[in-house]
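The values are calculated or read from the model by the stated rules, or taken from the named source; none is laboratory data. On a predicted model such as this, the values are computed, not experimentally measured, just so you know. Cβ atoms come from the backbone with ideal geometry, glycine included; neighbour counts cover every protein chain shown. Heads up: the accessible areas ignore ligands, DNA and RNA and are worked out on the full protein's heavy atoms, side chains in. Shrake-Rupley method; radii C 1.70, N 1.55, O 1.52, S 1.80 Å.
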Amino acid sequence: MAFELRKGKKKIHIIVGARPNFIKMAPLYREFNKYPLEFEAKLIHTGQHYDERMSKFFFNDLQMPQPDEYLEVGSGTHGQQTARIIERYEKVLLADKPDLVIVAGDVNSTAACALDAVKLHIPVAHVEAGLRSHARTMPEEINRIVTDSISDYLLTPSPDADENLLKEGKSADKIFFVGNIMIDSLVQFQKKAKQAKILQKIASEFKLKSSAFPYALITLHRPSNVDSKEGLLTILNAFKEISQKIKLVFPIHPRTTKRIKEFGLEEMIEKMENLLLIPPAGYYDFLKLQMEADFILTDSGGIQEESTYFGIPCLTLRPQTERPITIWEGTNQLVKLESQAIIKAAFQIIEGQRKSGKIPEKWDGKTASRIVDIFRDK
Ligand code: UD1
Ligand code: UDP
């Protein structure tokens with residue numbers, strides 16, 4: 001049975017920490033604020049991501065105010081980062097006593113804040129519950145399992161997530177199929193993103209003749225892909241080959257920048273003339289880059305979903321995905337982590353074999369409203 005919230009005006013903590021959280025929580029924060037007599041929503045930023053380009057840019061693009069609390073936890077090992085969040089957020093909870101804590105996705109901030117709240121008997125809602133890659137070596141899989149096990153409201157993006165939760169023995173009345181909240185932001189800001197000038201900026205920086213050039217868009221940040229030199233080289237060798245046929249636009253994640261330096265791979269990257277390396281892109285710029293791309297090569301979670309929404313072919317550089325609906329219904333395809341397999345899959349798209357798909361049910365921009373509805377007094 002889902003936890004019954006008390007009647008009357010409710011104080012709600014909305015937790016954000018890492019880049020994808022900002023995109024998922026902005027629409028929810030906005031939706032709660034439509035009912036000021038019913039809710040007081042507060043934004044809590046753990047500070048897991050802190051660079052301007054990983055955090056502040058998103059608050060600006062997504063039109064979010066400064067967070068009410070900023071915990072400044074920064075980077076560290078999993079133990080350090082998670083422990084810092086737990087210690088610092090507990091203090092906020094004890095002082096502020098919210099009626100409900102809402103966490104999203106699968107990052108360390110998600111599991112840590114959920115754990116804090118549940119220990120203080122404060123109900124927790126998990127947005128994007130039920131996704132499973134079934135790969136326990138992924139830190140995110142552990143965060144998903146932990147968070148779903150202790151949450152009172154399991155708010156799912158797709159029917160496969162409901163099935164996973166039921167198989168694990170979660171009670172059906174805790175599970176709410178609300179749809180994909182990331183798509184709420186996309187729908188809201190798509191028009192603005194269309195006008196973004198990122199391609200002109202890239203053309204000018206890299207001295208290209210025109211800003212209308214064919215390209216594949218790349219993102220890479222999974223520890224399993226970038227934290228070993230061998231793994232990273234497998235992927236970079238494939239990029240080298242693919243870039244003989246098409247330009248590659250690569251907004252690079254700070255984890256990957258760090259690894260490239262550490263492994264001494266800067267020279268290899270510099271030599272790839274058609275690899276256009278740029279800093280992490282803002283939200284509008286990145287949506288624009290997705291919309292205009294010939295195809296996408298990524299290991300991101302969210303980008304598998306956004307590319308399905310846009311109908312752009314996506315090659316996911318991972319052995320499995322927690323978002324299988326993007327394969328069953330969308331434009332996503334998993335690719336083996338071998339240089340030749342990556343090259344082959346990319347060349348097939350370049351030669352015209354493009355996967356088409358449809359937009360999954362309830363990926364319609366209305367997920368935040370379905371969520372808030374659950375918490376309104378009936
Ligand atoms: C985290 C999430 C991952 C998510 C990703 C989104 C966990 C376990 N991982 O991975 O699920 O897909 O965010 O982008 O929560 N760094 C900076 N500046 C920043 C943030 C990070 O330089 O603003 C560097 C630091 O060197 C840090 C490294 O990136 O050690 C990794 O950051 P961290 O937050 O631990 O994990 P991500 O790889 O970003
Ligand atoms: N994104 C962005 N700029 C970038 C890369 C990604 O705005 O340079 C957005 C992307 O559109 C998506 C989200 O960040 O909405 C995905 O985040 P990320 O890949 O960092 O995390 P994951 O989804 O893998 O947890």
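By per-residue mean of other Cβ atoms within 10 Å, what is the highest-first order of 86-98, 55-67? Each step should come with its number before you reach the end.
Details: 86-98: 15.7, 55-67: 17.2.
Ranked by mean Cβ neighbours within 10 Å, highest first: 55-67, 86-98.
For region 133-185, just say rounded, prolate or oblate: build the C-alpha gyration tensor, square-root its eigenvalues into a ≥ b ≥ c, call rounded for a/c under 1.5, and beyond that prolate if a/b exceeds b/c, oblate if not. Write down the numbers at each step before the final one.
Values: a/c = 1.70, a/b = 1.13, b/c = 1.50.
Oblate, because a/c is 1.5 or more while a/b does not exceed b/c.
What are the semi-axes of the equivalent ellipsoid of the chain, taken as the square roots of 5 times the eigenvalues of the Cα gyration tensor, listed largest first and rounded to whole Å? Please report the intermediate quantities before stating the final value.
Details: eigenvalues 248, 88, 83 Å².
Taking √(5λ) for each Cα gyration eigenvalue gives 35, 21, 20 Å.
Please give the per residue accessible area of the chain, computed with a probe of 1.4 Å over protein heavy atoms only, in Å².
Numbers: 16120 Å² over 378 residues.
Counting only protein heavy atoms, the per-residue value for the chain is 43 Å².
Please identify every one of the trypsin sites (Lys or Arg not before Pro) in region 235-339 that sits in a loop by DSSP and has no more than 15 other beta carbons within 10 Å of its own beta carbon. Walk me through the intermediate numbers first.
Values: sites: LYS240, LYS245, LYS247, ARG255, LYS258, ARG259, LYS261, LYS271, LYS288, LYS336; in loops: LYS245, LYS336.
Answer in residue order: LYS245, LYS336.
Taking all protein chains in place and a 1.4 Å probe, what share, in percent, of the accessible surface of region 36-116 do carbon and sulfur account for? Walk me through the numbers before you get to the answer.
Numbers: 1820 of 3590 Å².
The C+S portion of the solvent-accessible surface of region 36-116 is 51 percent.
Using a 1.4 Å probe over the heavy atoms of the protein chains, calculate the carbon and sulfur portion of the accessible area of region 291-378 as a whole percent. Walk me through the intermediate numbers first.
On the way: 1700 of 3630 Å².
Its accessible area is 47 percent carbon and sulfur atoms.
When you count, for each residue, the other Cβ atoms within 10 Å and take the mean per peptide, how do 275-281, 105-111, 338-344 rank with the highest first? Could you put the intermediate results ahead of the total?
Numbers: 275-281: 19.0, 105-111: 28.0, 338-344: 16.1.
Averaged packing, sorted descending, gives the order 105-111, 275-281, 338-344.
Under 5 Å between amide H atoms, partner at least 5 residues away or on a different chain: which partners does VAL178 have, H built in plane at 1.01 Å?
THR156
So what is the 222 nm mean residue ellipticity for the chain from helices alone, if each DSSP H run of at least 4 adds -39500 (n - 2.57) and you divide by all residues, rounding to the nearest 500 deg cm²/dmol? Before the final figure, lay out each step's value.
Details: 17 runs with 171 residues, N = 378.
Computed mean residue ellipticity for the chain: -13500 deg cm²/dmol.
Quick check on region 243-378: take the gyration tensor over C-alpha atoms, sort the square-rooted eigenvalues as a ≥ b ≥ c, and tell me if it's rounded (a/c under 1.5), prolate or oblate.
Numbers: a/c = 2.19, a/b = 1.58, b/c = 1.39.
Cα axes put region 243-378 in the prolate bin.
Quick one: compute the contact order of the chain, relative version, from alpha carbon pairs under 8 angstrom and 6+ residues apart, as a percent. Let's see the in-between values first.
On the way: 720 pairs, mean separation 61.5, N = 378.
It rounds to 16 percent for the chain.
Ordered by residue, what ³J(HN,Hα) values in Hz, to whole numbers, does region 215-222 give under the Karplus form 6.51 cos²θ - 1.76 cosθ + 1.60, where θ = phi - 60° and Gly and Pro are x?
Going residue by residue, I get 7, 9, 9, 10, 9, 8, 7, 5 Hz, with x marking Gly and Pro.
Ordered by packing density, taken as the mean number of other Cβ atoms within 10 Å over each peptide's residues, highest first, how do 172-184, 296-308, 4-16 rank? Write down the numbers at each step before the final one.
Numbers: 172-184: 21.3, 296-308: 24.8, 4-16: 18.2.
For the peptides 172-184, 296-308, 4-16, the packing ranking is 296-308, 172-184, 4-16.
Roughly how big is region 247-310's charge dipole about its Cα centre, with Cβ charges of +1 (Lys, Arg) and -1 (Asp, Glu), in debye to the nearest 20? Don't jump to the answer; show the numbers that get you there.
Working: 7 positive and 11 negative charges, 40 e Å.
About 200 debye.
Using a 1.4 Å probe over the heavy atoms of the protein chains, calculate the carbon and sulfur portion of the accessible area of region 164-269 as a whole percent. It would help to have the intermediate numbers written out before the result.
Numbers: 2620 of 5130 Å².
Here carbon and sulfur together make up 51 percent of the probe-accessible area.
Determine the order of ARG53, ARG19 by accessible area, beginning with the largest, at a probe radius of 1.4 Å. Numbers along the way, then the final one.
Numbers: ARG53 85, ARG19 55 Å².
If we order ARG53, ARG19 from most to least accessible, we get ARG53, ARG19.
Over region 1-105, consider all pairs of different Cα atoms and compute the Kirkwood hydrodynamic radius from their mean reciprocal separation; express it in Å, one decimal. Present the calculation step by step, with values, prior to reporting the outcome.
Values: mean 1/r = 0.0694 Å⁻¹.
For region 1-105, the Kirkwood estimate is 14.4 Å.
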